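In what follows, a single structure is set out as structure tokens and then discussed.
The values are calculated or read from the model by the stated rules, or taken from the named source; none is laboratory data. No experiment lies behind these values; they were computed from the predicted model shown. Every residue, glycine as well, gets a Cβ built from its backbone with ideal geometry; the counts of neighbours run over all protein chains shown. Heads up: the accessible areas ignore ligands, DNA and RNA and are worked out on the full protein's heavy atoms, side chains in. Shrake-Rupley method; radii C 1.70, N 1.55, O 1.52, S 1.80 Å.
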Amino acid sequence: MLATMFVALEGGEGAGKSTLAAALRERLEAAGREVVLVREPGGTRAGEQVRALLHERLAPWAEVFAFLTARAQLVAEVIRPALARGAFVICDRYEASTFAYQGHGRGMPLKALQTANRLATGGTTPNVTIYLDIDPTVGLARKQGETEAVATGLEAVEFHRRVRRGYHVIGQNSAPGTWLTLDATRPPAEIAADASAFIGIG
């Protein structure tokens, strides 16, 4: 039985989170585990409606509360019930995105963001966060031409550099064994193998 049940995938634009999520789901299902794969913002009817709203450029706190509205609904409707029945949850973005994008990227107060996030999630946090690290210029080039990105994904490259530095700080301050940083420019199969080993998939 795998001990880790809630994994968050993090990274800047074009880091390859969706590709890694699909690979991890395939490996876990092959190991006989029920897997619930969700994304942020989204994953519920209300969350997808909020995602549409986040294509607009909102005031900073409006943006935060929109993300947290989607997250609160996702936790209540999907994540907690899945964990309660023993499923393995993989979430494409979670709380670290708030701290990296709105905290470090937008310069909003981290302590206030942490308090708001804790209230929204009821303290539900990932067992493990896997961060795919990529130079923003490379990641943004991968995403060029896509129209699905929320407004934060369309900011100038300097914003994304601040986000990347924020992720590095978050990783450095994370408890041992709860954060894995992987080079997102490596072949997807190598990334999936390293991520699988970290969370205990044979």
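Within segment 57-86, track down each residue that is more than 21 Å from Met5 (Cα to Cα) and in contact (Cβ under 8 Å) with a residue 60 or more places away in the chain.
Once the filter is applied, which keeps residues that are more than 21 Å from Met5 (Cα to Cα) and in contact (Cβ under 8 Å) with a residue 60 or more places away in the chain, segment 57-86 yields Arg57, Leu58, Glu63.
Suppose the filter is more than 20 Å from Ala21 (Cβ to Cβ), open to solvent by less than 70 Å² (accessible area, probe 1.4 Å), at pLDDT below 95 and under 17 Å from the mean Cα position of the chain (by Cα); does Ala151 pass it?
In short, yes.
Filter segment 18-48 for residues that are free of Cβ contacts under 8 Å to residues at least 40 places away in the same chain and either among the aliphatic types (A, V, I, L, M) or surrounded by fewer than 16 Cβ atoms within 10 Å (Cβ to Cβ) (or both) and give the result.
Those that are free of Cβ contacts under 8 Å to residues at least 40 places away in the same chain and either among the aliphatic types (A, V, I, L, M) or surrounded by fewer than 16 Cβ atoms within 10 Å (Cβ to Cβ) (or both): Ala22, Glu26, Glu29, Ala30, Gly32, Arg45, Ala46, Glu48.
If you scan segment 1-57, which residues turn out to be in a helix (DSSP H, G or I) and either of a type outside the set (A, V, I, L, M) or in contact with a Lys or Arg (Cβ under 7 Å, 6 or more places away or on another chain) (or both)?
If the condition is that a residue be in a helix (DSSP H, G or I) and either of a type outside the set (A, V, I, L, M) or in contact with a Lys or Arg (Cβ under 7 Å, 6 or more places away or on another chain) (or both), then Lys17, Ser18, Thr19, Arg25, Glu26, Arg27, Glu29, Arg45, Gly47, Glu48, Gln49, Arg51 are the ones that fit.
Among the residues of segment 100-114, is any farther than 23 Å from Leu53 by Cα, assigned to a helix (DSSP H, G or I), open to solvent by 20 Å² or more (accessible area, probe 1.4 Å) and modelled with pLDDT under 95?
no
Run down Ala197, Ala193 and say which single residue is out of contact with any strand residue (DSSP E or B) (no Cβ under 8 Å at 6 or more places or on another chain), of a type in the set (Gly, Ala, Ser) and open to solvent by 60 Å² or more (accessible area, probe 1.4 Å).
Only one candidate passes the filter, namely Ala197.
Of all residues being hydrophobic (A, V, I, L, M, F, W, C) and crowded, with 22+ Cβ neighbours inside 10 Å in segment 120-133, which is nearest to Arg186 (Cα to Cα)? Just the residue, please.
Leu132
Which residues, taken from segment 155-188, are in contact (Cβ under 8 Å) with a residue 60 or more places away in the chain, closer than 18 Å to Ala22 by Cα and out of contact with any helix residue (DSSP H, G or I) (no Cβ under 6 Å at 6 or more places or on another chain)?
Across segment 155-188, the qualifying residue is only Ala184.
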